[in-house]
4 protein chains.
Amino acid sequence: MKAAVLTDYDPSLSRQQFVLQQEVPDPEITSPSDIVVRIGGAGVCRTDLHIIEGLWRERVSVELPYIMGHENAGWVEAVGGSVESVKVGDPVICHPLLSRGQTLAARRGNDMHAGGAFPGIDSDGGYAELLKTSERAVVKLPQSLAPKDVAPYADAGLTAYHAVKKAAVNLVPGDYAVVIGIGGLGHIGVQVLKALSGAAIIALDRSEMALQLGRESGADHTVRADGTELDQVLALTGGLGAQVVIDFVGEGDSVAKGLKMTRNAGFYYIVGYGGKVEISTMDMIVSEKSIVGNLVGTYPDLVELMALADRGLVKLATREYRLNDANSALHDLHRGQVKGRAVLIP
Amino acid sequence: MKAAVLTDYDPSLSRQQFVLQQEVPDPEITSPSDIVVRIGGAGVCRTDLHIIEGLWRERVSVELPYIMGHENAGWVEAVGGSVESVKVGDPVICHPLLSRGQTLAARRGNDMHAGGAFPGIDSDGGYAELLKTSERAVVKLPQSLAPKDVAPYADAGLTAYHAVKKAAVNLVPGDYAVVIGIGGLGHIGVQVLKALSGAAIIALDRSEMALQLGRESGADHTVRADGTELDQVLALTGGLGAQVVIDFVGEGDSVAKGLKMTRNAGFYYIVGYGGKVEISTMDMIVSEKSIVGNLVGTYPDLVELMALADRGLVKLATREYRLNDANSALHDLHRGQVKGRAVLIP
Amino acid sequence: MKAAVLTDYDPSLSRQQFVLQQEVPDPEITSPSDIVVRIGGAGVCRTDLHIIEGLWRERVSVELPYIMGHENAGWVEAVGGSVESVKVGDPVICHPLLSRGQTLAARRGNDMHAGGAFPGIDSDGGYAELLKTSERAVVKLPQSLAPKDVAPYADAGLTAYHAVKKAAVNLVPGDYAVVIGIGGLGHIGVQVLKALSGAAIIALDRSEMALQLGRESGADHTVRADGTELDQVLALTGGLGAQVVIDFVGEGDSVAKGLKMTRNAGFYYIVGYGGKVEISTMDMIVSEKSIVGNLVGTYPDLVELMALADRGLVKLATREYRLNDANSALHDLHRGQVKGRAVLIP
Amino acid sequence: MKAAVLTDYDPSLSRQQFVLQQEVPDPEITSPSDIVVRIGGAGVCRTDLHIIEGLWRERVSVELPYIMGHENAGWVEAVGGSVESVKVGDPVICHPLLSRGQTLAARRGNDMHAGGAFPGIDSDGGYAELLKTSERAVVKLPQSLAPKDVAPYADAGLTAYHAVKKAAVNLVPGDYAVVIGIGGLGHIGVQVLKALSGAAIIALDRSEMALQLGRESGADHTVRADGTELDQVLALTGGLGAQVVIDFVGEGDSVAKGLKMTRNAGFYYIVGYGGKVEISTMDMIVSEKSIVGNLVGTYPDLVELMALADRGLVKLATREYRLNDANSALHDLHRGQVKGRAVLIP
């Protein structure tokens, strides 16, 4: 099959060709629960840039060359002998994590902490024509949703949904929620917030294009990150700050400001990464704030997100690229020129 | 002041004049925390008909003649010496319960279980020009909301909000919620459900006018209660029933059918009353259902509901009557001819 | 293998021989996830008497003759090809339900609602030397726990744990919890309540022997069900009733009284069955009570219960019978002569 | 009355006399909700040392000289005209915060965020014979509890209870909880954890005396903070870390190590202060940990803690000093020579 293969790290992200177009062997069914999916679309994620930079080298073990792509959707191409819940031809979206489902975390539904492979991160992913996954990782799509249109939900959408779902239980009408970073994840985050809570939503970003996407996604207020963003948020929230801040940036001054715009007894959710949390324990106790890490999402999270998408309550802004244009997609993302999410189509 | 006074019970609801227009003494400030409110609007509730029937005689002690009206909003007319949070002239909506705020239930925020008077039920209410209440019971209105337009939120809206808020924590996208009875409470219930959850909403009523109101309120599906409603709900929900059923009727076959259309491990919320729950303990354990009673709502519930109304996420369908037309309003309600909620205006 | 087989129903429970000792074929591995367990102990449950009476005939389809026994523990005797989490010889306790783990309920951890067989109820169970189960249904035992001593945890303990865990989140110190029926389930319920909450526990039963077991299990108060039990509970709880009532009887006047001894805004949990819930919707709304059905428990529930047992926080009162004395065990249970739980040992 | 008065800050805590014994005017009833309490005992808190150091100068405005002491219990000496819930002579413990109860935070029960004075911190406290407080701040004591024996519950106990109650909802049997710092707060924390959860408790401290107190308080394991504490906790928890870590120290390497000994998807609670949280956002997302600030506790929290104390489930280790020995108590605390909590008795 055709694939866009990562052959070398590039710490400065300076190369023209991050990945190389190659012909590689097709994945094969080797276990009774295996499924091979014909890719309809593979999302391009900022994490892919971090992988190319080598940022994940110490955390996961994967040998180059390998195939990136952890946001995958398509059609079932082949199934192992024990697969019952889908059949060849079914359209599916792939939960990014493969677990046997036997650990206690898995039995509690916490697929993120259940162990197992992460195709596209620690094994071959979906920048290709075919992807090997397993029965526990596929969600059958409703007829309303085409694989290429939903692929980025598999990780970007799932991660945004998971964090927002955790945040929504801490919101009541009258509260404010700030969403920092209205990109591929953030614009889904805004929509999910709107669907799951009655809080007023403040979208915050440096770019006017992103704020426009925030408005289209349902934000009640927008704040330009021009250095005065903390004051703007405090002004909107009666000087108190927001009950919930969801930070899809997580680097630069986003963290310090995000924490400061969180009101007392409120919650600051970290989704983006690259930066650092620094706060005194005295500030933590006087304010009684919570700082919450967020990692991908569960299988039921993905099913729930597909239900929202099916009903039109969440829409994905995508820009399509051909698989053999993968490098254009990665460079456009790197330059901040993708509104919403880039998707590779074989 | 002028008031519409209940002088006699009428168990068959057959009289032309349920209440009499009379001149009565103005209420006076007697405690430092007292507030007198000039009524802008007083909602007319099915409970008022039940009071006239004598249905509440055994549960609350009140001597006739007295003034009904437990859904009140208006402007602060006079305040006691210790009142700090509002001043004369402020527009307010009145939480229906008066408590000192010292009991443990009050300290936990459960104003419904905190003891205290219930004006309009066990003491003089708002079918009048003035109402005596207290500082702990008034919520200041935002400029966007006029007293006469929001009065029914004080009980009908608050009760619907409270029940739906309890239900919403048990709903995720992909779930169904059935709202039985799309009247004064139910049409608010549908809107609150839409604001607080990502579940698909099924509005159920006998009347096409009510179903139309359900659609306008945001229901995704409507079901006519024509004898086949159970089958219709099962068909919509893949044969499983709904995760949440909120019953604003609570009498006739609504209860038995409402329980049956609740899916296994689901929740049936009772708001309307007059009927009876009958179910075997074996059915309860095999299905693992929950049956939940619901009573008015807390003070923060009312604040939250006003936040939704202020942002236009909840709208109230009202029909205005003059205070001296109170009997027309009560009769129209009795005949099922009020779309939304009747409000008396002095 | 040897087994105690149910060959005919006995609606009046009047026969000497409820089950017959027979030689039957050994169960065999037919799927890669199958496990055969050599029974160390099989609990005898009131449900077994209800099965003999035919009470479950309409709810589950099973052809006689078959083998009862849904509370099983023992040692792994044989495993299918894909089993990884246990090996031959490991001591295990069996979760009573077998599911593939693919349904959404399973993915959310709700094994009770995940579909799948229920050995001992709808297929052959553990009144035998060997039992066929599957990898997803076995919990490896710590060294401190012998199969014959823990078998009744598989259903009686699990059901009590599941209900109490649900109840415990509604209890704070200063609250009261009533446990109705201090038998095989109830005495575990009392211990789990004590481990998971700071509420004061009231044990209620007709029998002084049971109340003694309640005291040994950690109840703070005991109430004899002699007709005055409602008054006794009200007297203990300042006239208000208990925040939580867990009813392991669920028949006779237990239900009506259990509901009445639940305080306003409190919770009544149904575990035992045979009776009927009857309450007006008006009583439900005025009291704002919740009535909650409870069904077995999840796989993580069983793991958690084993953790409590391992630490000595929950102890099981058992009485051992040989497998070929199964009829004695069933008759003793029927006559109310088992303190704690009967266990059959091959 | 007699009082121990703070007249000057002492940043290096080097003076012999931190406070001076003086005769000051008695407090007087000035508002109808005021209460004057005759002090039975006043707890001495590490925060008092921080006040003397000047650490709180920037956060609260209080003019020296003033009277410290925010952990107070005694008997009602005088009441204002509107007080109904207690009468002269009643034994009471004082919630440390005085609020009018009108803000939304107060109505939701969050007394810590409700505004209002904090006697002993920003106004005169209980290092004296009499204290002025208000009706909303007193909890009547059961007969089993003497004021001098419970005074430290008013803040040390309340703070420990509040943090542990928040933590307990995240614990199930099989989980581990680490308590860092087994002093005045920590030894109550261990007991509350034992009362409210089925988790195994690991007590961690530098001092063998403190670990002994941890054992007496019910810890299942103790870990000496000798530099190897992280490894010891990992060894006890199967290499995974603990689901919950409650840090009563919050300074030095306690924070970094506390976060590291928290397992993935686990919770780190900050109660002690003086140090700093530093962690990369990448570590936060990969681990999906939560960092939670904790501040005093609510009025219902204090009622619940008194219920535990009344039943003997929580016991306070105290050491009594006369009010005119306040400096000895403060110096002993500063030198780490108080096992449990110091209490001043007039």
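Report the net charge of residues surrounding residue A:81, where surrounding means a beta-carbon distance below 12 angstrom and charges are Lys +1, Arg +1, Asp -1, Glu -1.
Details: positive: none; negative: A:34, A:84, A:135.
Summing Lys and Arg as +1 and Asp and Glu as -1 gives -3.
Be a star and scan segment D:61-99 for residues whose amide nitrogen sits under 16 Å from the point 7 Å along the Cα-to-Cβ vector of residue D:24.
Only D:61-73 fall inside the zone, counting backbone N under 16 Å.
Can you give the accessible area of residue D:251, probe radius 1.4 Å, in Å² rounded to 10?
About 80 Å², ignoring ligands and nucleic acids.
How much accessible surface area, in Å² rounded to 10, belongs to the heavy atoms of residue C:267 with a 1.4 Å probe?
Taking all protein chains as shown, residue C:267 has close to 40 Å².
How far is residue C:28 from the same spot in each other copy, in nm, shortest first, if each label point sits 7 Å from Cα toward Cβ?
3.1, 9.6, 9.8
For A:194, C:148, B:2, give me the order by solvent-accessible area with a 1.4 Å probe, most accessible first, ignoring ligands, DNA and RNA.
Correct descending sequence by accessible area is B:2, A:194, C:148.
Let me check against my output: what whole-number percent is the relative contact order of segment B:158-293, with C-alpha pairs under 8 Å and at least 6 apart?
Values: 291 pairs, mean separation 29.7, N = 136.
It comes to 22 percent, rounded to a whole number.
Quickly estimate the mean residue ellipticity at 222 nm for chain D, helices only: each DSSP H run with n ≥ 4 gives -39500 (n - 2.57), and the total goes over all residues, rounded to 500. Display every interim value, and only then the final one.
Numbers: 11 runs with 93 residues, N = 346.
Result for chain D, helices only: -7500 deg cm²/dmol.
Rounded, prolate or oblate: pick one for segment C:160-261, where a ≥ b ≥ c are the square roots of the eigenvalues of its C-alpha gyration tensor, a/c under 1.5 means rounded, and failing that, prolate if a/b is larger than b/c, else oblate. Before the final figure, lay out the partial values.
Details: a/c = 1.39, a/b = 1.12, b/c = 1.24.
Note, shape of segment C:160-261 comes out rounded.
Sorted by accessible area with a 1.4 angstrom probe, largest first, how do B:8, A:332 fall?
Values: B:8 85, A:332 15 Å².
Greatest to least solvent exposure: B:8, A:332.
Over all directions, average the projected area of the Cα convex hull of segment B:247-346 and note it in nm². Let's see the in-between values first.
Working: hull surface 35.0 nm².
In nm², the orientation-averaged hull projection of segment B:247-346 is 8.7.
Residues with beta-carbon under 10 Å from that of residue D:276, excluding residue D:276: net charge, scoring Lys, Arg +1 and Asp, Glu -1? Mind dumping the intermediate values first?
Values: positive: none; negative: A:278, A:283, D:251, D:278.
Here the charged neighbours net out to -4.
Helix C:156-168 against the longest principal axis of chain C: what's the angle in degrees, Cα atoms only, rounded to the nearest 10?
For helix C:156-168, the angle is close to 40 degrees.
Estimate the FRET efficiency between residue C:278 and residue B:9 by the formula 1/(1 + (r/R0)^6), using the beta-carbon distance for r and 22 Å for R0, to the nearest 0.05. Before the final figure, lay out the partial values.
On the way: r = 28 Å, r/R0 = 1.26.
Working from the Cβ atoms, E equals 0.20.
If I take every Cα pair under 8 Å that is 6 or more residues apart in chain A, average their sequence separation and divide by the length, what percent do I get for the relative contact order?
Details: 827 pairs, mean separation 63.3, N = 346.
In percent, rounded to a whole number, it is 18.
So for the protein assembly as shown: antiparallel DSSP bridges make up what percent, rounded to the nearest 5?
Details: 132 of 244 bridges.
Here the share of antiparallel DSSP bridges comes out near 55 percent.
At 7 Å along the Cα-to-beta-carbon direction for both residue D:345 and residue A:75, put a label point, then send me their distance in nm to one decimal.
8.5 nm
Which loop-located GluC sites (Glu not before Pro) does segment C:1-67 contain, where loop means any DSSP state but H, G, I, E or B and the Cβ has at most 16 other Cβ atoms within 10 Å?
Numbers: sites: C:23, C:28, C:53, C:58, C:63; in loops: C:28, C:58, C:63.
Sparse-neighbourhood loop GluC sites (Glu not before Pro): C:28, C:58, C:63.
Just want to confirm a number: the relative contact order over segment A:92-179, from Cα pairs under 8 angstrom separated by 6+ residues, in percent. Intermediate results must be reported in sequence, preceding the final value.
Values: 74 pairs, mean separation 28.5, N = 88.
Normalised by residue count, the contact order of segment A:92-179 is 32 percent.
Tell me the Kirkwood radius of chain A: reciprocal of the mean inverse pair distance over distinct alpha-carbon atoms, in Å. Intermediate values should be presented prior to the final figure.
Details: mean 1/r = 0.0489 Å⁻¹.
Evaluated on chain A, it is 20.4 Å.
Can you list, shortest first and in nm, the gaps between the label point of residue C:256 and those of its counterparts in the other copies, using a point 7 Å from Cα in the C-beta direction?
2.0, 6.9, 7.1
To the nearest 10 square angstrom, how much accessible area does residue A:270 have with a 1.4 angstrom probe?
Its heavy atoms expose roughly 0 Å² to the probe.
If each Cα of the protein assembly as shown is one equal point scatterer, what is log10 of I(q)/I(0) from the Debye formula at q = 0.07, 0.08 Å⁻¹?
Scattering profile of the protein assembly as shown, log10 relative to I(0): -0.81, -1.09.
By Cβ position, which chain D residue lies least far from the axis that rotates chain D onto chain A, and what is the distance to the nearest whole angstrom?
Rotation axis D onto A, closest Cβ, rounded to whole Å: D:291, 2.
Counting DSSP beta bridges in chain D, what percent are antiparallel, to the nearest 5?
Numbers: 29 of 57 bridges.
The antiparallel fraction comes to roughly 50 percent.
Any idea how far apart residue B:90 and residue D:64 come out in nm if each label point goes 7 Å out from Cα toward Cβ?
4.0 nm
Please give the helix C:299-310 orientation as an angle from the longest Cα principal axis of chain C, in degrees from 0 to 90, rounded to the nearest 10.
So the helix axis and the longest Cα principal axis differ by about 80 degrees.
Using a label position 7 Å from Cα in the Cα→Cβ direction, what is the ascending list of nm distances from residue C:50 to the same site in the other copies?
Distances to the matching label points in the other copies: 3.3, 5.1, 5.5 nm.
The values are calculated or read from the model by the stated rules, or taken from the named source; none is laboratory data. What you see is a predicted model; the values in this text were computed from it and never measured. Don't worry about glycine lacking a Cβ; one is built from the backbone with ideal geometry, like all the others, and counts go over all protein chains shown. All accessible areas refer to the heavy atoms of the entire protein, side chains included, with ligands and DNA or RNA removed. Shrake-Rupley method; radii C 1.70, N 1.55, O 1.52, S 1.80 Å.
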